[in-house]
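Notes follow once the structure below has been shown.
The values are calculated or read from the model by the stated rules, or taken from the named source; none is laboratory data. In this text the structure is predicted, and so the values were computed from the model without any measurement. Don't worry about glycine lacking a Cβ; one is built from the backbone with ideal geometry, like all the others, and counts go over all protein chains shown. Accessible surface is based on the protein model in full, side chains and every heavy atom, while ligands, DNA and RNA are left aside. Shrake-Rupley method; radii C 1.70, N 1.55, O 1.52, S 1.80 Å.
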Amino acid sequence: METNSRFIVEGLRSGVPYREMAKTIAFGRERNIAAVHRLMEQIEQEHPPKFPGYVLRAGYGEGKTHLLHSLWGFAESRNWVVSCVSVSKETPLDRLDQLYPKLIENTYLPGSSQPGIAHIVAQALEGQLLAEARTMDFSPRVMALLDCLVIREEGYDELIADLSGEFLGSAELKRMYRANVGKILQLTRTSLREEAFEYMRLVDWLIHKAGFGGWLILVDEVELIGKLGRGARSHAYANMGRMLSGSLPYALSVWALASHYHGDVLIGRHDREECPAWLASRQKEAFQVPWAETALEALTESKLLEPLSVEDIQSLLKQIVDLHQTAYQWQAPFTANELYAQVRQFAPTQDTRLRTIVRLSLTILDIWDQYGEAPVIEYMNPLEEQSIEEEPEASG
(Lines give C-alpha, C1' and ligand atoms only; values in the text may rest on other atoms or scores of the structure.)
Protein backbone atom coordinates (compact mmCIF):
# COMPACT_ATOMS: atom_id res chain seq x y z
CA MET A 1 0.00 0.00 0.00
CA GLU A 2 2.81 2.40 0.94
CA THR A 3 4.75 1.66 -2.25
CA ASN A 4 1.68 2.01 -4.47
CA SER A 5 0.68 5.29 -2.79
CA ARG A 6 4.18 6.67 -3.22
CA PHE A 7 4.10 5.65 -6.88
CA ILE A 8 0.85 7.56 -7.38
CA VAL A 9 2.09 10.64 -5.50
CA GLU A 10 5.28 10.74 -7.56
CA GLY A 11 3.17 10.54 -10.71
CA LEU A 12 1.09 13.49 -9.55
CA ARG A 13 4.24 15.39 -8.63
CA SER A 14 5.82 14.85 -12.05
CA GLY A 15 2.64 15.84 -13.86
CA VAL A 16 2.91 12.74 -16.06
CA PRO A 17 -0.35 10.76 -15.88
CA TYR A 18 -0.48 6.99 -16.15
CA ARG A 19 -3.36 4.57 -15.93
CA GLU A 20 -2.83 3.22 -12.39
CA MET A 21 -2.79 6.74 -10.99
CA ALA A 22 -5.80 7.74 -13.09
CA LYS A 23 -7.74 4.70 -11.89
CA THR A 24 -7.24 5.90 -8.31
CA ILE A 25 -7.94 9.60 -8.90
CA ALA A 26 -10.59 10.55 -11.48
CA PHE A 27 -10.22 14.33 -11.00
CA GLY A 28 -13.98 14.89 -10.87
CA ARG A 29 -14.58 13.92 -14.50
CA GLU A 30 -17.30 11.36 -13.83
CA ARG A 31 -19.69 13.03 -16.30
CA ASN A 32 -17.21 12.68 -19.17
CA ILE A 33 -16.46 9.09 -18.22
CA ALA A 34 -20.19 8.33 -18.15
CA ALA A 35 -20.61 9.75 -21.67
CA VAL A 36 -17.85 7.53 -23.02
CA HIS A 37 -19.30 4.60 -21.07
CA ARG A 38 -22.60 4.96 -22.95
CA LEU A 39 -20.78 4.82 -26.28
CA MET A 40 -18.82 1.76 -25.16
CA GLU A 41 -22.01 -0.04 -24.19
CA GLN A 42 -23.44 0.46 -27.67
CA ILE A 43 -20.34 -1.07 -29.23
CA GLU A 44 -20.37 -3.99 -26.79
CA GLN A 45 -23.98 -4.69 -27.79
CA GLU A 46 -22.93 -4.58 -31.49
CA HIS A 47 -25.05 -1.49 -32.09
CA PRO A 48 -22.22 0.97 -32.78
CA PRO A 49 -23.10 4.65 -32.40
CA LYS A 50 -23.52 6.79 -35.49
CA PHE A 51 -20.57 8.86 -34.27
CA PRO A 52 -18.08 6.48 -32.56
CA GLY A 53 -15.95 9.17 -31.01
CA TYR A 54 -15.63 11.71 -28.23
CA VAL A 55 -13.67 14.93 -28.65
CA LEU A 56 -12.74 17.01 -25.62
CA ARG A 57 -10.77 20.20 -25.16
CA ALA A 58 -9.31 22.17 -22.28
CA GLY A 59 -6.40 24.43 -21.47
CA TYR A 60 -2.93 23.13 -20.69
CA GLY A 61 -2.76 21.60 -17.22
CA GLU A 62 -6.53 21.23 -16.83
CA GLY A 63 -6.69 17.45 -16.88
CA LYS A 64 -7.11 16.30 -20.51
CA THR A 65 -4.35 13.71 -20.44
CA HIS A 66 -5.35 12.52 -16.97
CA LEU A 67 -8.90 11.98 -18.21
CA LEU A 68 -7.62 9.90 -21.13
CA HIS A 69 -5.76 7.68 -18.68
CA SER A 70 -8.85 7.43 -16.47
CA LEU A 71 -10.74 6.21 -19.53
CA TRP A 72 -7.94 3.72 -20.17
CA GLY A 73 -8.36 2.26 -16.69
CA PHE A 74 -12.15 2.21 -17.08
CA ALA A 75 -11.88 0.43 -20.46
CA GLU A 76 -9.56 -2.19 -18.99
CA SER A 77 -12.18 -3.02 -16.39
CA ARG A 78 -14.59 -3.74 -19.26
CA ASN A 79 -12.15 -6.04 -21.11
CA TRP A 80 -11.29 -3.53 -23.82
CA VAL A 81 -8.02 -3.32 -25.72
CA VAL A 82 -6.55 0.21 -25.45
CA SER A 83 -4.21 2.15 -27.72
CA CYS A 84 -2.85 5.50 -26.55
CA VAL A 85 -0.79 7.90 -28.67
CA SER A 86 0.07 11.59 -28.73
CA VAL A 87 0.24 13.47 -32.02
CA SER A 88 3.83 14.49 -32.81
CA LYS A 89 6.35 14.56 -35.64
CA GLU A 90 6.95 10.86 -35.02
CA THR A 91 3.21 10.17 -34.78
CA PRO A 92 1.73 12.37 -37.51
CA LEU A 93 -2.00 12.30 -38.06
CA ASP A 94 -1.62 13.22 -41.73
CA ARG A 95 0.27 9.97 -42.47
CA LEU A 96 -1.61 6.82 -41.50
CA ASP A 97 1.31 4.67 -42.62
CA GLN A 98 3.40 6.37 -39.89
CA LEU A 99 0.61 6.71 -37.34
CA TYR A 100 -0.46 3.06 -37.55
CA PRO A 101 2.86 1.54 -36.33
CA LYS A 102 2.89 3.94 -33.36
CA LEU A 103 -0.69 3.03 -32.59
CA ILE A 104 0.05 -0.71 -32.50
CA GLU A 105 3.31 -0.09 -30.62
CA ASN A 106 1.16 1.46 -27.87
CA THR A 107 -1.67 -1.10 -27.84
CA TYR A 108 -2.32 -2.93 -24.56
CA LEU A 109 -4.49 -5.87 -23.59
CA PRO A 110 -6.48 -5.54 -20.35
CA GLY A 111 -4.14 -5.90 -17.38
CA SER A 112 -0.99 -6.10 -19.50
CA SER A 113 2.03 -3.88 -18.96
CA GLN A 114 3.59 -4.93 -22.28
CA PRO A 115 2.20 -3.64 -25.58
CA GLY A 116 1.58 -5.68 -28.70
CA ILE A 117 -1.08 -7.53 -30.67
CA ALA A 118 0.43 -11.02 -30.99
CA HIS A 119 -1.87 -12.43 -28.30
CA ILE A 120 -4.91 -10.83 -29.94
CA VAL A 121 -4.05 -12.52 -33.24
CA ALA A 122 -3.36 -15.91 -31.63
CA GLN A 123 -6.63 -15.78 -29.71
CA ALA A 124 -8.61 -14.78 -32.80
CA LEU A 125 -7.02 -17.54 -34.86
CA GLU A 126 -8.49 -20.16 -32.51
CA GLY A 127 -11.80 -19.65 -34.33
CA GLN A 128 -12.77 -20.16 -37.96
CA LEU A 129 -12.07 -16.81 -39.60
CA LEU A 130 -11.63 -17.06 -43.34
CA ALA A 131 -15.24 -17.55 -44.46
CA GLU A 132 -16.36 -14.44 -42.59
CA ALA A 133 -13.23 -12.51 -43.52
CA ARG A 134 -14.00 -12.94 -47.22
CA THR A 135 -17.23 -11.03 -46.69
CA MET A 136 -15.43 -8.10 -45.03
CA ASP A 137 -14.12 -6.57 -48.27
CA PHE A 138 -10.55 -6.27 -46.97
CA SER A 139 -7.94 -5.14 -49.47
CA PRO A 140 -6.12 -7.94 -51.39
CA ARG A 141 -2.92 -7.31 -49.42
CA VAL A 142 -4.64 -7.53 -46.04
CA MET A 143 -6.60 -10.63 -47.10
CA ALA A 144 -3.36 -12.27 -48.25
CA LEU A 145 -1.78 -11.45 -44.88
CA LEU A 146 -4.70 -13.04 -43.06
CA ASP A 147 -4.56 -16.16 -45.29
CA CYS A 148 -0.91 -16.62 -44.32
CA LEU A 149 -1.55 -15.99 -40.61
CA VAL A 150 -4.30 -18.61 -40.51
CA ILE A 151 -2.02 -21.28 -41.98
CA ARG A 152 0.77 -20.36 -39.53
CA GLU A 153 3.63 -22.10 -41.29
CA GLU A 154 6.06 -19.88 -43.19
CA GLY A 155 7.25 -16.63 -41.57
CA TYR A 156 4.59 -16.31 -38.87
CA ASP A 157 6.67 -13.93 -36.74
CA GLU A 158 7.43 -11.73 -39.74
CA LEU A 159 3.73 -11.64 -40.58
CA ILE A 160 2.89 -10.54 -37.03
CA ALA A 161 5.55 -7.84 -37.38
CA ASP A 162 3.95 -6.75 -40.65
CA LEU A 163 0.56 -6.48 -38.95
CA SER A 164 2.29 -4.49 -36.19
CA GLY A 165 3.48 -1.89 -38.69
CA GLU A 166 6.87 -3.24 -39.75
CA PHE A 167 5.51 -3.55 -43.26
CA LEU A 168 6.89 -6.26 -45.53
CA GLY A 169 7.82 -5.44 -49.08
CA SER A 170 5.45 -6.77 -51.74
CA ALA A 171 8.00 -9.30 -52.99
CA GLU A 172 8.52 -10.75 -49.51
CA LEU A 173 4.78 -10.97 -48.86
CA LYS A 174 4.28 -12.73 -52.20
CA ARG A 175 7.05 -15.21 -51.32
CA MET A 176 5.42 -16.02 -47.98
CA TYR A 177 2.01 -16.33 -49.59
CA ARG A 178 3.30 -18.84 -52.12
CA ALA A 179 5.07 -20.81 -49.35
CA ASN A 180 1.94 -20.89 -47.17
CA VAL A 181 -0.94 -21.04 -49.63
CA GLY A 182 0.80 -22.68 -52.58
CA LYS A 183 -0.44 -20.09 -55.07
CA ILE A 184 1.00 -17.04 -56.77
CA LEU A 185 -0.28 -13.82 -55.19
CA GLN A 186 -1.41 -11.11 -57.60
CA LEU A 187 -1.39 -7.65 -56.01
CA THR A 188 -2.36 -4.38 -57.62
CA ARG A 189 0.04 -1.54 -56.93
CA THR A 190 -1.03 0.34 -53.77
CA SER A 191 0.75 2.58 -51.29
CA LEU A 192 1.11 1.90 -47.59
CA ARG A 193 -0.70 5.20 -46.99
CA GLU A 194 -3.74 3.56 -48.57
CA GLU A 195 -3.23 0.17 -46.92
CA ALA A 196 -2.72 1.44 -43.36
CA PHE A 197 -6.43 1.95 -42.73
CA GLU A 198 -7.14 -1.55 -44.07
CA TYR A 199 -4.70 -2.83 -41.44
CA MET A 200 -6.68 -0.89 -38.81
CA ARG A 201 -9.88 -2.51 -40.03
CA LEU A 202 -8.30 -5.96 -39.71
CA VAL A 203 -7.02 -5.28 -36.17
CA ASP A 204 -10.43 -3.92 -35.17
CA TRP A 205 -12.09 -7.12 -36.41
CA LEU A 206 -9.47 -9.43 -34.83
CA ILE A 207 -9.96 -7.71 -31.45
CA HIS A 208 -13.67 -8.55 -31.71
CA LYS A 209 -13.04 -12.14 -32.84
CA ALA A 210 -10.59 -12.60 -29.95
CA GLY A 211 -13.44 -11.93 -27.51
CA PHE A 212 -12.57 -8.45 -26.23
CA GLY A 213 -15.23 -5.85 -25.50
CA GLY A 214 -13.86 -3.38 -28.04
CA TRP A 215 -10.92 -1.19 -29.02
CA LEU A 216 -10.47 2.18 -27.30
CA ILE A 217 -8.16 4.52 -29.23
CA LEU A 218 -6.94 7.52 -27.21
CA VAL A 219 -5.33 10.38 -29.13
CA ASP A 220 -3.74 13.23 -27.16
CA GLU A 221 -2.30 16.62 -28.19
CA VAL A 222 -4.46 16.79 -31.29
CA GLU A 223 -3.78 20.55 -31.41
CA LEU A 224 -0.35 19.76 -32.86
CA ILE A 225 -2.11 19.30 -36.20
CA GLY A 226 -1.83 23.08 -36.20
CA LYS A 227 1.92 22.88 -36.79
CA LEU A 228 1.30 21.30 -40.20
CA GLY A 229 0.86 23.13 -43.47
CA ARG A 230 -2.61 23.41 -44.95
CA GLY A 231 -2.27 20.34 -47.18
CA ALA A 232 -1.01 18.14 -44.36
CA ARG A 233 -3.73 19.50 -42.03
CA SER A 234 -6.30 18.58 -44.67
CA HIS A 235 -5.00 15.02 -44.75
CA ALA A 236 -4.94 14.90 -40.94
CA TYR A 237 -8.58 15.95 -40.75
CA ALA A 238 -9.49 13.35 -43.37
CA ASN A 239 -7.72 10.59 -41.45
CA MET A 240 -9.38 11.61 -38.21
CA GLY A 241 -12.77 11.72 -39.91
CA ARG A 242 -12.22 8.31 -41.43
CA MET A 243 -11.70 6.87 -37.96
CA LEU A 244 -14.97 8.54 -36.93
CA SER A 245 -16.90 7.36 -39.97
CA GLY A 246 -18.04 3.99 -38.59
CA SER A 247 -15.59 1.90 -40.64
CA LEU A 248 -14.14 0.50 -37.40
CA PRO A 249 -17.31 -1.01 -35.87
CA TYR A 250 -15.65 -2.27 -32.68
CA ALA A 251 -13.53 0.84 -32.03
CA LEU A 252 -14.21 4.02 -30.10
CA SER A 253 -11.79 6.93 -30.36
CA VAL A 254 -11.34 9.76 -27.85
CA TRP A 255 -9.47 12.88 -28.94
CA ALA A 256 -8.03 15.57 -26.65
CA LEU A 257 -6.92 19.01 -27.81
CA ALA A 258 -6.06 22.40 -26.37
CA SER A 259 -8.93 24.84 -26.06
CA HIS A 260 -7.21 27.56 -28.13
CA TYR A 261 -7.17 25.38 -31.26
CA HIS A 262 -10.68 26.48 -32.19
CA GLY A 263 -9.82 30.17 -32.36
CA ASP A 264 -6.22 29.91 -33.53
CA VAL A 265 -6.65 27.31 -36.29
CA LEU A 266 -10.25 26.41 -37.12
CA ILE A 267 -11.26 30.08 -37.22
CA GLY A 268 -7.91 31.87 -37.49
CA ARG A 269 -6.78 29.88 -40.55
CA HIS A 270 -10.29 29.26 -41.95
CA ASP A 271 -9.73 25.51 -41.87
CA ARG A 272 -13.43 24.62 -41.88
CA GLU A 273 -13.77 26.11 -45.34
CA GLU A 274 -10.32 25.92 -46.85
CA CYS A 275 -9.19 22.39 -45.97
CA PRO A 276 -12.17 20.58 -47.57
CA ALA A 277 -11.79 22.92 -50.55
CA TRP A 278 -8.09 22.04 -50.79
CA LEU A 279 -8.94 18.32 -50.97
CA ALA A 280 -11.83 18.91 -53.40
CA SER A 281 -9.50 20.73 -55.81
CA ARG A 282 -7.37 17.60 -56.21
CA GLN A 283 -8.98 14.89 -58.30
CA LYS A 284 -7.28 11.97 -56.54
CA GLU A 285 -8.07 13.29 -53.07
CA ALA A 286 -11.58 14.68 -53.46
CA PHE A 287 -13.09 11.47 -52.02
CA GLN A 288 -11.62 12.47 -48.62
CA VAL A 289 -13.73 15.63 -48.33
CA PRO A 290 -16.60 14.05 -46.32
CA TRP A 291 -14.12 12.60 -43.82
CA ALA A 292 -12.39 15.96 -43.38
CA GLU A 293 -15.75 17.66 -42.87
CA THR A 294 -16.71 15.06 -40.24
CA ALA A 295 -13.50 15.72 -38.28
CA LEU A 296 -13.77 19.49 -38.56
CA GLU A 297 -17.34 19.41 -37.29
CA ALA A 298 -16.30 17.15 -34.40
CA LEU A 299 -13.45 19.49 -33.46
CA THR A 300 -15.76 22.50 -33.64
CA GLU A 301 -18.36 20.80 -31.45
CA SER A 302 -15.80 19.34 -29.03
CA LYS A 303 -16.76 19.11 -25.36
CA LEU A 304 -15.05 21.75 -23.20
CA LEU A 305 -13.96 20.27 -19.88
CA GLU A 306 -15.86 22.11 -17.20
CA PRO A 307 -13.89 23.73 -14.36
CA LEU A 308 -13.98 21.64 -11.21
CA SER A 309 -16.21 22.93 -8.45
CA VAL A 310 -14.83 23.84 -5.03
CA GLU A 311 -16.33 20.58 -3.74
CA ASP A 312 -14.60 18.59 -6.51
CA ILE A 313 -11.23 20.18 -5.72
CA GLN A 314 -11.66 19.60 -1.98
CA SER A 315 -12.51 15.96 -2.69
CA LEU A 316 -9.40 15.68 -4.86
CA LEU A 317 -7.21 17.23 -2.14
CA LYS A 318 -8.60 14.77 0.40
CA GLN A 319 -7.43 11.91 -1.83
CA ILE A 320 -4.02 13.57 -2.18
CA VAL A 321 -3.68 14.06 1.58
CA ASP A 322 -4.59 10.42 2.25
CA LEU A 323 -2.17 9.16 -0.42
CA HIS A 324 0.66 11.41 0.82
CA GLN A 325 0.20 10.29 4.44
CA THR A 326 0.19 6.63 3.43
CA ALA A 327 3.14 7.05 1.08
CA TYR A 328 5.42 8.76 3.61
CA GLN A 329 4.00 7.40 6.86
CA TRP A 330 3.10 10.65 8.59
CA GLN A 331 0.03 12.54 9.82
CA ALA A 332 -0.76 15.96 8.38
CA PRO A 333 -1.69 18.54 11.10
CA PHE A 334 -4.64 19.82 9.03
CA THR A 335 -7.66 18.56 7.12
CA ALA A 336 -8.11 18.51 3.36
CA ASN A 337 -10.33 21.59 3.59
CA GLU A 338 -7.62 23.40 5.53
CA LEU A 339 -5.12 22.36 2.85
CA TYR A 340 -7.47 23.86 0.27
CA ALA A 341 -7.40 27.14 2.21
CA GLN A 342 -3.58 27.08 2.19
CA VAL A 343 -3.54 26.41 -1.57
CA ARG A 344 -5.85 29.35 -2.15
CA GLN A 345 -3.49 31.64 -0.20
CA PHE A 346 -0.85 31.04 -2.86
CA ALA A 347 -3.23 30.67 -5.83
CA PRO A 348 -6.27 32.82 -5.04
CA THR A 349 -7.74 33.09 -8.55
CA GLN A 350 -10.55 30.70 -9.43
CA ASP A 351 -9.07 29.97 -12.88
CA THR A 352 -5.84 28.52 -11.46
CA ARG A 353 -4.95 25.47 -13.53
CA LEU A 354 -5.73 22.10 -12.03
CA ARG A 355 -2.16 20.90 -12.47
CA THR A 356 -0.94 23.95 -10.52
CA ILE A 357 -3.33 23.17 -7.67
CA VAL A 358 -2.13 19.55 -7.53
CA ARG A 359 1.57 20.46 -7.55
CA LEU A 360 1.08 23.23 -5.03
CA SER A 361 -0.82 20.96 -2.64
CA LEU A 362 1.99 18.39 -2.86
CA THR A 363 4.61 21.09 -2.20
CA ILE A 364 2.74 22.19 0.91
CA LEU A 365 2.44 18.61 2.14
CA ASP A 366 6.12 17.92 1.42
CA ILE A 367 7.28 20.96 3.42
CA TRP A 368 5.01 20.17 6.37
CA ASP A 369 6.23 16.56 6.32
CA GLN A 370 9.92 17.49 6.17
CA TYR A 371 10.06 20.68 8.26
CA GLY A 372 6.86 20.69 10.30
CA GLU A 373 5.92 24.24 9.36
CA ALA A 374 4.00 26.18 6.74
CA PRO A 375 5.85 26.95 3.49
CA VAL A 376 6.78 30.34 2.10
CA ILE A 377 6.44 30.32 -1.67
CA GLU A 378 7.69 33.46 -3.44
CA TYR A 379 7.50 32.41 -7.10
CA MET A 380 5.62 29.84 -9.08
CA ASN A 381 6.66 28.96 -12.63
CA PRO A 382 3.56 29.49 -14.81
CA LEU A 383 2.29 26.70 -17.04
CA GLU A 384 2.18 27.72 -20.67
CA GLU A 385 0.29 26.43 -23.68
CA GLN A 386 2.26 24.68 -26.42
CA SER A 387 2.73 26.77 -29.52
CA ILE A 388 0.77 25.57 -32.54
CA GLU A 389 2.28 28.02 -35.00
CA GLU A 390 2.35 26.54 -38.47
CA GLU A 391 5.79 25.23 -39.34
CA PRO A 392 7.20 25.72 -42.86
CA GLU A 393 6.74 22.85 -45.29
CA ALA A 394 9.81 20.67 -45.71
CA SER A 395 11.54 21.36 -49.01
CA GLY A 396 11.89 18.59 -51.52
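Numbers at a glance
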item	result
Over the chain: Kirkwood hydrodynamic radius from C-alpha pairwise inverse distances, Å	23.1
Accessible heavy-atom area order of Asp264, Asp94, highest first, probe of 1.4 Å	Asp264, Asp94
Mean Cβ neighbour count within 10 Å, used as a protection proxy, ranking 281-292, 207-218 highest first	207-218, 281-292
Length-normalised contact order for the chain - Cα pairs under 8 Å, 6+ apart - percent	25
Percent of beta bridges antiparallel (DSSP, the chain, rounded to nearest 5)	10
Pair Glu297, Thr3: separation of 7 Å Cα→Cβ label points (nm)	5.2
Electrostatic dipole magnitude of the chain [Cβ: Lys, Arg +1; Asp, Glu -1; Cα centre; debye, to 20]	760
5 angstrom amide H check on Val55, placed H, neighbours 5+ away	Trp255, Lys303
Among Leu173, Gln329, His208 - extreme Cα towards positive end, dipole of the chain, charges at beta-carbon	Leu173
Theoretical FRET efficiency, 1/(1+(r/R0)^6), r = Cβ-Cβ of Leu192 and Gln123, R0 41 Å, to 0.05	0.95
Among Ile320, Gly116, Ala161 - extreme Cα towards positive end, dipole of the chain, charges at beta-carbon	Ala161
Residue among Gly268, Gly155, Gly15 with the largest mean-square fluctuation in a Gaussian network model of the chain, springs linking Cα atoms under 10 Å	Gly268
Sulfur and carbon atoms: percent of accessible area, the stretch 300-371 [1.4 Å]	50
Mean residue ellipticity (222 nm) of the chain, computed from DSSP H runs ≥ 4 via -39,500 (n - 2.57), nearest 500	-16000 deg cm²/dmol
Built amide H within the under 5 Å cut-off of Ala251, gap 5+	Trp215
Accessible area of Glu44 in the full protein assembly, 1.4 Å probe (Å², nearest 10)	60
Gaussian network model of the chain, Cα within-10 Å springs - most flexible of Gly182, Gly111, Gly63	Gly182
Distance between the stretch 286-329 and the stretch 153-178 - C-alpha centres, whole angstrom	40
FRET efficiency, Val16 to Ser245 (Cβ-Cβ, R0 30 Å, nearest 0.05)	0.35
Heavy-atom accessible area ranking, 1.4 Å probe, most first, across Ile117, Ile267	Ile267, Ile117
With every protein chain in place, the stretch 18-149: carbon and sulfur % of accessible area (1.4 Å)	48
GNM flexibility winner over the chain from Tyr177, Tyr60, Tyr328 (Cα, springs under 10 Å)	Tyr328
